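Each remark here refers to the structure printed beneath this line.
The values are calculated or read from the model by the stated rules, or taken from the named source; none is laboratory data. Computed from a predicted model, the values in this text were never measured in an experiment. With ideal geometry, Cβ positions are generated from the backbone for all residues, glycine too; neighbour counts draw on all protein chains shown.
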Amino acid sequence: MIIFIEHMKNILLTYNIRTVHFALVHSHYSNGIRAWGNATKAASHHSTILQKRALRIINNANYNEHVDPLSTAYRSLNLNDLYEHQALMFIFDYITNKLRLSLAGTFQFNRDYLKPDLKICSFS
């Protein structure tokens with residue numbers, strides 16, 4: 001996918017390359033992020049490198065240019081931020097009872113699980 005974007009950067013406008021990036025690269029990251037987003041840093045290093053490379057290609061940036069300003073300009077989240085966003089959306093869906101029925105009873109709040117025993121002790 002990265003090679004396709006690299007070949008297209010000389011043919012398409014930047015806006016169109018950005019669209020291709022969101023269609024091909026970003027969609028793969030966002031679809032599987034809940035499953036592998038909490039992987040170790042070593043396991044996700046290759047994906048991070050590919051994401052940075054794609055953003056540099058879109059912007060015609062040097063290979064060692066910082067990616068944070070580029071991702072801010074294109075309103076694209078890096079992998080860690082994308083994982084945090086998806087995790088927070090999952091928690092929000094759980095709190096507002098919008099999860100699928102298969103996941104609805106799977107989780108418990110700590111306040112429900114760790115209820116203190118409120119028996120009143122009487123000392124005679």
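Any residue in segment 14-30 that is under 21 Å from residue 61 (Cα atoms) sitting within a Cβ distance under 9 Å of a residue that is of a type in the set (Lys, Arg) and modelled with pLDDT under 85? List the pairs, counting only those 6 or more apart or interchain.
The qualifying pairs are 17/9.
List the residue pairs whose Cβ atoms are under 8 Å apart, where the first residue sits in segment 53-67 and is on the phi > 0 side of the Ramachandran plot and without any contact (Cβ under 8 Å) to a residue 60 or more places away in the chain, the second is part of a loop (DSSP other than H, G, I, E, B) and charged (D, E, K, R), and the two are 6 or more positions apart or on different chains.
60/9
Kindly indicate whether any position in segment 77-87 is in contact with a helix residue (DSSP H, G or I) (Cβ under 7 Å, 6 or more places away or on another chain), closer than 21 Å to residue 15 by Cα and not charged (D, E, K, R).
Of segment 77-87, the ones in contact with a helix residue (DSSP H, G or I) (Cβ under 7 Å, 6 or more places away or on another chain) are 77-79, 82-83, 86.
Still in the list and also closer than 21 Å to residue 15 by Cα: 77-78.
Imposing the further condition that a residue be not charged (D, E, K, R) reduces the set to 77-78.
Yes, because at least one residue in segment 77-87 is in contact with a helix residue (DSSP H, G or I) (Cβ under 7 Å, 6 or more places away or on another chain), closer than 21 Å to residue 15 by Cα and not charged (D, E, K, R).
Do we find a residue being under 29 Å from residue 91 (Cβ atoms) and surrounded by 12 or more Cβ atoms within 10 Å (Cβ to Cβ) anywhere in segment 56-67? Don't jump to the end; show me each part of the working.
From segment 56-67, those under 29 Å from residue 91 (Cβ atoms) are 67; that's our starting set.
Subset that is surrounded by 12 or more Cβ atoms within 10 Å (Cβ to Cβ): 67.
Yes; the residues of segment 56-67 include at least one that is under 29 Å from residue 91 (Cβ atoms) and surrounded by 12 or more Cβ atoms within 10 Å (Cβ to Cβ).
Taking the residues in segment 1-42 that are assigned to a helix (DSSP H, G or I) and polar (S, T, N, Q) as candidates, determine which candidate is surrounded by the fewest Cβ atoms within 10 Å (Cβ to Cβ). Steps first, please.
Applying the first criterion (assigned to a helix (DSSP H, G or I)) to segment 1-42 yields 2-8, 14-36, 41-42.
Going one step further and asking which of them are polar (S, T, N, Q), we end up with 14, 16, 19, 27, 30-31.
On the way: 14: 12, 16: 12, 19: 12, 27: 12, 30: 17, 31: 10.
Per the criteria, the residue is 31.
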